[in-house]
Amino acid sequence: MQDSKTYFDPRTLARLKGLRLRARQIVEGFVAGLHRSPQRGFSIEFAEHREYAPGDDLRYVDWKVLGRTDKLYSKQFEDETNLVCHLVLDASAGMAYQGPDSPLSKLDYAKCAAAALAWLVLEQQDAVGIVTFDAKIRKVLAPARGSAHLRNVVRLLEATEPAGETAAGPVFHELAERFRTRGVVVLLSDLFDAPESVLAGLKHFHYRRHDVIAFHLLDRAEAEFPFDDPTRFRGLEQPIRIPVDARAIRRAYLDEFDRYVRELEAGCRQWSIDYERVETDRPLDEVLARYLTGRRHRLR
Amino acid sequence: MEQVEGLWGWWELASGPMLGWSAAALVPLAVHLLRRRTYRETPWAAMRFLEAAMRRRAGRMRIEQWLLLILRMALLALLAVALADPRSRGSGSTDHRATGPKTHWVFVIDVSYSMAYHASERSLLEESKSLARDRIQAAADGDGFTLVAMGAPAQTRIAEPAFDRADVLRELERLEPLHGGASLDDALDAARRIATRAKRRYPRLTRTRICVFSDLQRTTWSDLDSPGVRRRIDAWAREIPIELVEVGEPAWRNAAVTRLELAHSLVTPDQDARFLAEIRRLSTDHPRRARAIALVDGQVVHEADVDLTSGTETLAFSHRFLKPGDYAVELRIAGADPLDIDNHRWTSVRVRDSLRVLCVEGAPGAARYVAIAIEPSGVEPARLRCETAGPSGLVDRDLGPYACIFLCNVPTFQSEEVESLRRYADSGGGLVFFLGDQVQTDRYNELLHDGERGRALLPARLGSVEADRVHSLDPLEYRHPLVKPFRSHERAGLLTVPIQRHFRLDPTGTTGSRVALGLDNGEPILVEKDYGRGRVFLFGSSVSPAPAGTATADLWTEFPTWPSFPPIVHELLALVLRSADAHREVQVGGVFESESIGEPGAPRLRIIDPKGDAAWLDVDGGRSNASRGPAWRHGPVTWSGVYRVAPDGKPDAGIPYCANVDTAEGVLDRVDPAAMPSIFARESTDEGHGEVSGGGGGGGGEPRSAARGLLAAVLAIVLVECLLASLFGAGRS
């Protein structure tokens, strides 16, 4: 298991510093780097309480609760936070794959990315939640703000082990229903499910007006199939073994793979979903920085 | 290879057993079915794409694999069929070359040296080869050919019927005239054995014909004069027709060098060596003249025109060798006749600084006269060096350096001494026994004559001592080479030698003994024999000086003081030397044999034959002895000329050994064809050689072998297989 410290690679964090994960739809005009809504106090519905954290505006301390419980709670309003980020992490067994030339498995890479993004969102005083899944939802950490929440995120990441089959499509449907608060849904997955099922799930997010970013995590070996010798491939998710003449099958494999990626890409484009193909041998800081920079330009 | 007929309606196989190789076509299939691939296992997440790819590719891959497999199997099967050489039996045509009975042609071609005679631009052998070639090309499709070179002995060049004409023609072209004679009996026996075996193994060859190509030279064909040979050939001919193809013409001319020898045996650098050569016209009238050229180690040293009007001319020439060593001397005649092989003769000459001789005395001074005769005082430089030793002088002495050993009045010998003397004589040394009063007759007979059955060292058994009267010597018409120089020199003192006392010598029971000198009563007094490569002489009286005051009646003989004694001793030495070097000259077909060359014990010798081909042979350690070292043999030699023998690894040219032809083969008289036995169906080149009766020759189209087409198909398949394998491979990459 990846050590928690390594989730926060200083180089990655350094490159993310100064960048913002910006919402596309939720708060119009939130483009100046402000993380408080300009419509604060206007038609704002109470959403929930949360424990007071240093730095919270004292105006929103619920004194009634303080009187009843002797504890400081801040009132949370739905639009108080401009950005709620849902990190959706695929923890199926297939994510454990690590190709011969890759420094990390896909899952470890996803964990690092999740940690970095959580840090980034929390750093900009927004809320971040995290969900892990395989064929079903495995763990849920509700979105919250504050630096203390980062520990919760990391703890969950640390506890996440690869297991089970992938069923991304149904899980996405379920999450789309669950995520009541509109926000940014960041998918970290290899998306190795039927493309129509995956796209249907993504479409569901779209209908729920979530801003979806799909980081499609792929190992270089999966994308290029660099095998020449007769090889017996052992399924990580299903207990099957397929012996093949790798050299003979390579072309067909790459055709299938490319067709799948193209289909996925086209579907994402159709539903205005940010699709980012990420090979796990690429440096994470570079991937995130490039993506965030590009996103900023797109949203301008 | 057996031919298989009727395998398919229109096809037959020239080499049926080769079809067995078609089983190899199953090898790729077996490999495909039995091969267990070794897979490297790897975990994998993207199984869905792999499965989809497999579903898409599996069918096509299987088809590709089977296509390649079928191509590879077809390739091997077609190759096997091509090797079996299938031939069409004709598509309904009347081509009898293809459909007639198949014949086994046994060509027997005379390669004796008379076949090198150039009657025209071509030699008789080349003419024979041309006639044989015509027969091969005109033979029926499917006929088989074998080839025997009629030499002495006969050499089988193609033992099993060959069906590829190109191969047969190639082997035919390689025939060349040998430098020896030919054995008709041997050649026909070889041909019969080949024919009999082929009949058994190749039932498809229903007919056999033996064709003998020869110039009918009398020496070769005189085999037929032997009733045994005649009877045998008669019997064969009843089974197999023998066709005689005669080449050449009755008229011929030839001269040959029939003799070349040194006039004396000891050659030293300080004197001229004199050679005698004989050039003989072997034909009746021509040639009348010839140019004789003498060469020493390839350098011309003497030239002379020779008049052959009388038939035989003796040529004498001299040459002074400047330093000791071994030389090859050749005499050749140029421009004389169309048969060159016998126009050369070679001899090997050993030039020595001096010669060492050992005299063993049974009593003090017993060899004094012999020593004086060998090395007269005051003659400088001494060419002969005589060493004298006492009765035990043979013990532990290396006898190898001595050219001759004189044993004078030695009483008896130890068995080791006798063994040493035997080995010495065996390896080419000369022994001369002079008897006397000390000699123990019984011991001599026991040790030197009777001891080893069939290998008596002495040329005669010793009997009693006779002193009945004074005898004189009888030269026995000077027949023996030892006394031949005294012919016409009756006053040289040989006939007046008084022999007062002598041992009776009985050579009758001794194999190979020759009497050189006798007594006036008919008894032998000087007897000799060959022993191994050496020579042994036995003089029945004493040559030791008599003690002072000995009465004349008690003397043995005054021969050592007679003027004829020194020449006799020197002639003895000459004969011994000639024997010692005789092994350096053989007739073609003979064997060179000698002690080691150079340092004794040299393990390998290099022999370069007259054609320049080198051969190496191990020295036979089994024949080693204390005196002369190991012996070696090389032969029978095939070519006339000089063979250079040297220790392996030594850069020097080596010692020349010479092989000369038997000039009897150069007498090109023919047997009368009309007198030939009826067993030979004769064909002369004058009568043409187009159609050979029953030979299956004749018209008809070219045979239609499918082998070429099949091989083309094999090549095409190889090409297609390579392309497909590359294409399939490229599709995968």
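Here, each number is a calculation from the coordinates, and none is a lab measurement. Predicted, not measured: the structure shown is a model, and the values here were computed from it. In this analysis, Cβ positions are derived from the backbone assuming ideal geometry, glycine residues included, and neighbour counts consider all displayed protein chains.
Inter-chain Cβ neighbour count for B:218-231, averaged per residue, equals 0 (cutoff 10 Å, partner chain atoms only). Ordered from longest to shortest, the equivalent ellipsoid semi-axes for segment B:295-354 are 26, 13, 10 Å, each the square root of 5 times a Cα gyration tensor eigenvalue. Among A:297, B:104, the order by Cβ neighbours within 10 angstrom, fewest to most, reads A:297, B:104. In the calculated pair-distance distribution of segment B:334-425, the portion above 22 angstrom amounts to 45 percent of the Cα-Cα pairs. At residue B:291 and residue B:490, where each label point lies 7 Å from the Cα along Cα→Cβ, what is the point-to-point distance in nanometres? If labels sit at residue B:291 and residue B:490, their model points lie 4.8 nm apart. Across segment B:266-317 the C-alpha pair distances fall into 5 Å bins from zero in the proportions 5, 17, 25, 21, 13, 10, 6, 3, 1 percent.
Under the combined filter of DSSP loop state and at most 13 neighbouring Cβ atoms within 10 Å, segment A:129-202 retains these trypsin sites (Lys or Arg not before Pro): A:136, A:180. Magnitude of the charge dipole for segment B:255-352, about its Cα centre and with charges confined to Cβ atoms of Lys, Arg (+1) and Asp, Glu (-1), is about 200 debye.
Count Lys and Arg as plus one, Asp and Glu as minus one, and take only other residues whose Cβ is under 10 Å from that of residue A:227; the net charge is then -1. For segment B:255-352, the orientation-averaged shadow of the C-alpha convex hull comes to 5.7 nm² (one quarter of the hull surface).
Given +1 at the Cβ of Lys and Arg, -1 at the Cβ of Asp and Glu and no other charges, the dipole of chain B around its Cα centre is 4140 debye to the nearest 20. If you take all other residues with their beta carbon under 13 Å from the beta carbon of residue B:222, and give Lys and Arg +1 and Asp and Glu -1, the sum is -3. Helices assigned as whole DSSP H runs in chain B whose Cα atoms extend at least 24 Å along their own long axis and whose mean Kyte-Doolittle hydropathy is 0.5 or higher are found at B:47-83, B:565-582, B:707-732. A Förster distance of 41 Å, applied to the separation of the beta-carbon atoms of residue B:578 and residue B:232, puts the FRET efficiency at 0.50.
To check you understand DSSP bridge types, tell me what percent of the beta bridges within chain B (both residues inside) are antiparallel, rounded to 5. Of all bridge pairs located within chain B, approximately 60 percent are antiparallel.
Kirkwood analysis of the Cα pair distances in chain B returns a hydrodynamic radius of 32.0 Å.
Considering only C-alpha atoms, what is the centroid distance from segment B:100-117 to segment A:82-96, in Å? Comparing the Cα centres of segment B:100-117 and segment A:82-96, I get a distance of 98 Å. Local charge for residue B:638 was computed over the other residues whose Cβ lies under 11 Å away, with Lys and Arg +1 and Asp and Glu -1, and equals -2. Rg then Dmax, both in Å and based on the Cα atoms of segment A:152-300: 17.1, 51. Summarising the label geometry, the points placed 7 Å from Cα in the beta-carbon direction at residue A:297 and residue A:161 lie 4.4 nm from one another. Taking 7 Å steps out from each Cα toward its Cβ at residue B:21 and residue B:160 produces label points 1.3 nm apart. Sort out for me the Cα centre separation of segment A:268-300 from segment B:524-594, rounded to whole Å. What the calculation gives is 123 Å, centre to centre. The ranking of B:559, B:145 from fewest to most other beta carbons within 10 Å of each one's beta carbon is B:559, B:145. Tell me the relative contact order for chain B as a rounded percent, counting alpha carbon contacts under 8 Å between residues six or more apart. RCO, chain B: 14 percent.
What is segment B:355-582 by shape, rounded, prolate or oblate, if you read a ≥ b ≥ c off the alpha carbon gyration tensor as root eigenvalues and call it rounded for a/c under 1.5, prolate for a/b larger than b/c, and oblate otherwise? Rounded shape, in that the Cα axes give a/c under 1.5.
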